[in-house]
Each structure stands twice: as structure tokens, then as C-alpha cells.
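The structure under discussion appears below in the form of C-alpha cells.
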Amino acid sequence: MTDYKQISKAVISRLPRYYRYLGELMEEGIERISSNELSARMKVTASQIRQDLNNFGGFGQQGYGYNVKYLYAEIARILGIDRQHNLIIIGAGNLGQAIANYTNFEKRGFIIKGMFDINPRLIGLVVRGAKIRGIDDLEQFIVENEVQIAALTIPKSKAPEIADRLVKAGIKAIWNFAHTDLSVPDDVVVENVHLSESLMRLSYRVCSMQDERERREKGQLS
């Protein structure tokens with residue numbers, strides 16, 4: 001059995017991209033693909049693809065390539081999206097509601113069981129079947145609905161306190177949109193999504209390209 005704990009985060013981070021491309025291949029009716037053909041589509045070297053997949057047993061045959069449907073199903077199994085994950089959203093503002101309205105989550109096995117907020121004007125509303133509840137009901141709801149994952153879309157000042165309550169209630173994974181780092185036990189997984197940091201990285205890349213273009217233009221003019 002493969003020990004997934006020993007596999008690098010870089011490899012794991014590429015699996016969802018493989019999964020997406022394989023899904024597109026299935027939609028096109030393609031049944032088999034070689035690492036070279038997949039490389040051309042994904043702009044990742046064939047060697048990198050083979051190395052990544054070999055971490056989980058390979059899945060391909062020399063001169064035969066990969067069975068697209070089988071590999072798609074195996075990556076789904078590795079990522080754990082072949083099973084249901086019950087999810088709640090803490091914070092029912094614009095971002096929380098946008099997440100609740102994203103239908104692709106359900107296709108990947110993530111079922112939004114409920115939403116929570118402290119704003120009395122939001123409590124009682126229903127977003128795509130998920131009722132917004134008061135935060136006082138949080139722990140009981142987690143237990144009764146066997147919730148494993150919580151998305152935090154709340155101000156960073158409130159995030160540590162809510163994270164503590166989530167952990168004590170049995171939550172094992174936090175999808176953290178709050179702009180702060182959380183301190184949780186080792187057996188609780190946190191995936192940080194800092195939107196402003198992502199935008200700043202994008203800004204850096206845009207500015208770097210502009211600076212490089214200006215340097216080339218000056219070099220041509222001099």
C-alpha cells in the first residue's frame with residue numbers, strides 16, 4: 001500500500017489539474033493517452049507526469065499509455081472525491097454565499113449541509129438548499145450532520161475563536177479564507193486561501209513582464 005504521507009505537497013497539488021484534464025479528455029471521447037500527449041496538453045513534461053503518477057503505482061503501460069477513464073477514477077480515489085464530504089460554511093456574506101452557489105462542489109462529493117452567521121438579517125435565509133443558522137447552534141449541528149469540513153469566510157479577528165470551537169466539535173479540516181494563520185492540532189488539516197496574497201502574486205508577475213518588456217524596448221532603442 002502506498003504511504004501517501006511521504007508524497008510531496010507539490011505532487012499532491014498537481015493531482016487536481018490532472019483530474020481536470022482527464023475529465024476533458026473523457027468529454028472528448030478519448031479513451032487512451034500517452035504521457036507525451038498529456039504533456040503537450042498540460043504543458044508539463046512527460047517525465048514529470050510519469051514521476052508524479054509513479055508515486056501511486058504508475059497506472060500506465062509501456063507503448064500503451066494511460067486508460068483515461070481508469071486514471072480519472074484512480075485520481076478521484078486518491079484525492080478522496082469518490083466519497084461524500086459534509087461541509088459547512090461559517091460566514092454567510094458575499095463570499096460564503098458565492099461558495100454555496102458553486103454547483104461543482106456537489107459533483108466532487110462536497111455536500112454543503114448548512115451555513116452560519118451572526119447577522120440576524122441573514123439567519124433563516126436559504127442559499128441553494130443550505131439554511132443560514134445562528135452560530136450558537138454550531139457544535140450540535142456538526143455532530144448531528146457528521147460534518148468533516150468547515151469553510152471559514154469570516155473576519156480574521158473572529159477566526160481563531162471559531163476554529164477552536166470547530167476543532168472541539170470534531171471538525172477535521174478547515175478551508176480558511178480568513179486572512180490569518182490558524183493554530184490547530186496536528187490531526188486537523190488547514191487549507192489557507194488568501195485571496196489578496198494571490199492577487200499580489202499576480203501583480204508581481206504582471207509588473208515583472210512589463211518591466212522586462214520596457215528593458216527590451218530600451219535596449220532596442222539605444
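The values are calculated or read from the model by the stated rules, or taken from the named source; none is laboratory data. Quick caveat: nothing in here was measured; it's all calculated off a predicted structure. Note that each Cβ is placed from the backbone with ideal geometry, even for glycine, and that neighbours are counted across all protein chains shown.
Taking first residues from the range 80-99 that are over 9 Å from MET115 (Cα atoms) and among the polar types (S, T, N, Q) and partners that are at pLDDT below 95 and buried (at least 21 other Cβ atoms within 10 Å of the Cβ), no Cβ contact under 8 Å between residues at least 6 apart in sequence or on separate chains turns up. Go through the range 12-47 and give me each residue that's farther than 23 Å from ASN104 by Cα and either surrounded by 15 or more Cβ atoms within 10 Å (Cβ to Cβ) or touching a His at 6+ places or on another chain (Cβ under 8 Å) (or both). Within the range 12-47, ARG32, ILE33, SER34, SER35, GLU37, LEU38, SER39, VAL44, ALA46 meet the criteria.
Does the range 100-115 contain at least one residue that is closer than 25 Å to VAL167 by Cβ, in contact with a strand residue (DSSP E or B) (Cβ under 7 Å, 6 or more places away or on another chain) and of a type in the set (Lys, Arg)? Within the range 100-115, one or more residues are closer than 25 Å to VAL167 by Cβ, in contact with a strand residue (DSSP E or B) (Cβ under 7 Å, 6 or more places away or on another chain) and of a type in the set (Lys, Arg). ARG41 passes every criterion in (1) within 30 Å of HIS179 (Cβ to Cβ); (2) basic (Lys, Arg); (3) part of a helix (DSSP H, G or I) apart from (1).
Only residues that are loosely packed, with under 14 Cβ neighbours inside 10 Å and either at pLDDT 95 or above or assigned to a loop (DSSP other than H, G, I, E, B) (or both) were counted in the range 99-125, giving 7. Residue pairs whose Cβ atoms lie under 7 Å apart, separated by 6 or more positions or on different chains, with the first residue in the range 1-22 and assigned to a loop (DSSP other than H, G, I, E, B) and the second among the charged types (D, E, K, R) and modelled with pLDDT of 95 or more, do not occur.
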